[in-house]
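What follows is a short report on a single structure.
The values are calculated or read from the model by the stated rules, or taken from the named source; none is laboratory data. Bear in mind the structure is a predicted one, so any value in this text is a computation, not a measurement. Cβ: placed from backbone, ideal geometry, glycine included. Neighbour counts: every protein chain shown.
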Amino acid sequence: MDDLSIRGGQLIDGTGAPGREADVSVSAGRIVAIEPRSARPAHRVVDARGHVVAPGFIDIHTHSDFTLPINPRAESKIRQGVTLEVVGNCGFSVAPALPGRAAMLREYLASSAPWLPFSETTFADYVAAFPPTAVNVILQVGHNTLRLMTAEMESRALTAAELEMMNLTGDSTGLDMVTMPQAIREQVPTSNFFQRSGYERNPVAIRHNTVAKLLAVTDSRMDSNSNLPGAKEVAGAF
Ligand SMILES: [Zn+2]
């Protein structure tokens, strides 16, 4: 006996194949059968005739870190079929807030998220305290927030050391969206994976263009970068 059977819907399976009518059977949280007409018994049957049945959508660029804490149900996303949100984009994130800089971060993000409380926190503690939400969430560290933590609101070019401090926190900082001047790039020792010549032209991205391989390469570069002199001290702040 399956847990769930979704019957009669137009199945768009996410592979790029055309939609087709199919019944989807689910047991123990996994799809166990996809058939044109299912005769499998199920505890719960959903009549999906007239509806599309599809994998959850990934919303890769959102700012819902500003809203999910006050509305973890995220109805507006769920009703659109979104099941995973990637937040902390455009360089804005709610954490880390280093000692003495929480008020500055609150002021900086006030126009976007005046309702959010800001307090001193590492990024790891912020992630741990993020509430359970209806959607899955990938939380990125924002490079604007990192710059604020590094150089406050000073209007000046960052030094190579300051850029390096931001760079060491990883490839999900949004730095892939900016291009460093060549002169500074030569001084920054860590390899920002996306920075070298742009994501689309990066040879690793072209040659090994699967997510698993890209993640493996990124991870190994992050591992070796994190062992560079000074990296552990900086990483401790995040
Ligand atoms: Zn954005």
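Annotations
For (1) of a type in the set (A, V, I, L, M); (2) under 31 Å from the mean Cα position of the chain (by Cα); (3) in the same structural domain as THR83 (by TED's automatic domain parsing), each residue gets a yes or a no:
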residue: LEU11; (1), (2), (3): yes, yes, no
residue: ALA17; (1), (2), (3): yes, yes, no
residue: VAL24; (1), (2), (3): yes, yes, no
residue: ARG30; (1), (2), (3): no, yes, no
residue: ILE34; (1), (2), (3): yes, yes, no
residue: HIS43; (1), (2), (3): no, no, no
residue: ARG49; (1), (2), (3): no, no, no
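- Residue satisfying all of: in the stretch 52-81; within 16 Å of the ligand (Cβ to nearest atom) and of a type outside the set (Val, Ile, Thr); surrounded by the most Cβ atoms within 10 Å (Cβ to Cβ) among these: ASP65
- Where ALA48 falls short, out of the listed (1) more than 16 Å from the ligand (Cβ to nearest atom); (2) under 16 Å from PRO131 (Cα atoms): (2)
- Looking across the stretch 82-99 at every residue that is touching a residue at least 40 places away in the same chain (Cβ under 8 Å) and part of a loop (DSSP other than H, G, I, E, B), the one that is farthest from the ligand (Cβ to nearest atom) is identified as LEU98.
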